[in-house]
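Note sheet for the following structure.
The values are calculated or read from the model by the stated rules, or taken from the named source; none is laboratory data. Since we're looking at a predicted model, the values are computed, not measured. Positions of Cβ are backbone-derived with ideal geometry, glycine not excepted, and every protein chain shown enters the neighbour counts. The accessibility values were calculated without ligands, DNA or RNA, using every heavy atom of the protein model including side chains. Shrake-Rupley method; radii C 1.70, N 1.55, O 1.52, S 1.80 Å.
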Amino acid sequence: MESLPGAVRTPAQELGDTLVDWFATAARDLPWRRPDVDAWAVLVSEVMLQQTPVSRVEPAWREWMARWPTPASLAAASPAEVIRAWGKLGYPRRALRLREAAVTLTERHDGAVPADVAALEALPGIGVYTARAVACFGHGQPQPVVDTNVRRVVARLIHGRAEAGPARAADLADVALLAPPEPARAVRFSVAAMELGALVCTAGTPRCGACPVRDRCAWRLAGCPPYEGPPRRVQKFAGTDRQVRGRLLDVLRAACHPVPAAELEAAWDDAVQRSRCLDSLLVDGLVEQTPDGLFTLPRG
DNA sequence: CATGCGTGGCT
DNA sequence: TAGCCAAGCAT
């Protein structure tokens, strides 16, 4: 058993404490949270989890880590291999950037994942959220970690609003107010706040009956007022370039050899849109054209 | 700062 | 059923 926190608490820190204690019993047993995983495994999980649900990441992460357990091993893989292994996690540019990050780690960080937030943010595909998540969950640093779940939790718990607005610079400071002062507890608070947003304080139909801080939640105390703000734009998919790019990549992932343009015509009828999307895939480095005009995943 | 970028499950 | 939603990032 861990000793009880010794320092005096602010009311906000008492909320953070309650979340830490709740997490001890309510946390999901996710493979990248096991004590033996290293910072590289955490980094890979965090990149995969950028906009992709846990349920789809889990099997992909297991296969990925078995195949490329170190930055150096991934750096040695070809883009084509990496794109295929990414499978249908979505946003395949993430796979390319993860490989580029592995190259940078191998060439400039002795094959290790740095613990420094600024060094992490300098890696391709690693932004404000992921850099802090890796420093915190991968290296045990007491960093504030703010993702969409945490912003929603803070919006309700502290500000009494139903939803978080757009990200603000003050988000990090808001979360820091809740964090317990002991470093080890602060680390667990960061993951606990995310877990509460993922399991209880969800975007639609929050499970307030299961919430450990419902009696101190500013949103509940205000009577759960509805969201007032600019209507969020709905992200369309059917018929967009994103769908067409996905179809084209589907063909190339399945092909064992470079394919002629004619073989890509089956992926989408509209030739203008198809051509535009193929061009954008070439620009992104997700597709490569051979000297004889065939198309393939980039062989590096 | 708004937009584009995949995919699939859920209500 | 047609949105809505899921541990963001780069531009």
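Remarks
- Among the GluC sites (Glu not before Pro) in the stretch A:203-300, those located in a DSSP loop and surrounded by at most 15 other Cβ atoms within 10 Å of their own Cβ are A:Glu228.
- Charge dipole (Cα centre; +1 on Lys/Arg Cβ, -1 on Asp/Glu Cβ; no other charges) of chain A amounts to roughly 760 debye.
- Highest-MSF residue in chain A out of A:Ala115, A:Ala162, A:Ala262 [GNM, Cα springs under 10 Å]: A:Ala262
- Kirkwood hydrodynamic radius over Cα pairs of chain A, then Stokes diffusion coefficient at 20 °C and 1.002 mPa s, in µm²/s: 101 µm²/s
- Radius 14 Å from Cβ of A:Ala162, net charge of other residues (Lys, Arg +1; Asp, Glu -1): +4
- Residue among A:Val187, A:Val272, A:Val103 with the largest mean-square fluctuation in a Gaussian network model of chain A, springs linking Cα atoms under 10 Å: A:Val272
- Overall Cα dimensions of the stretch A:23-135 - principal axes, largest extent first, Å: 41, 31, 24
- Note on A:Arg299 and A:Arg93: the extension gain reaches 72.6 nm, defined as 0.36 nm multiplied by sequence separation minus the Cα-Cα distance.
- Cβ-based net charge around A:Tyr129, under 11 Å, with every Lys or Arg adding one and every Asp or Glu removing one: -2
- Area of A:Arg67 that stays accessible when all protein chains are in place (1.4 Å probe, Å², to 10): 120 Å²
- Restricting the stretch A:1-109 to GluC sites (Glu not before Pro) that sit in a DSSP loop and have at most 11 other Cβ atoms within 10 Å of their own Cβ leaves A:Glu2.
- Among A:Arg232, A:Arg220, A:Arg84: highest mean-square fluctuation, GNM of chain A, C-alpha pairs under 10 Å: A:Arg232
- Structure-based [θ]222 nm, chain A - -39500 (n - 2.57) summed over DSSP H runs of at least 4, per residue, nearest 500: -15000 deg cm²/dmol
- Relative to the longest principal axis of the Cα atoms of chain A, the long axis of helix A:271-284 lies at roughly 70 degrees.
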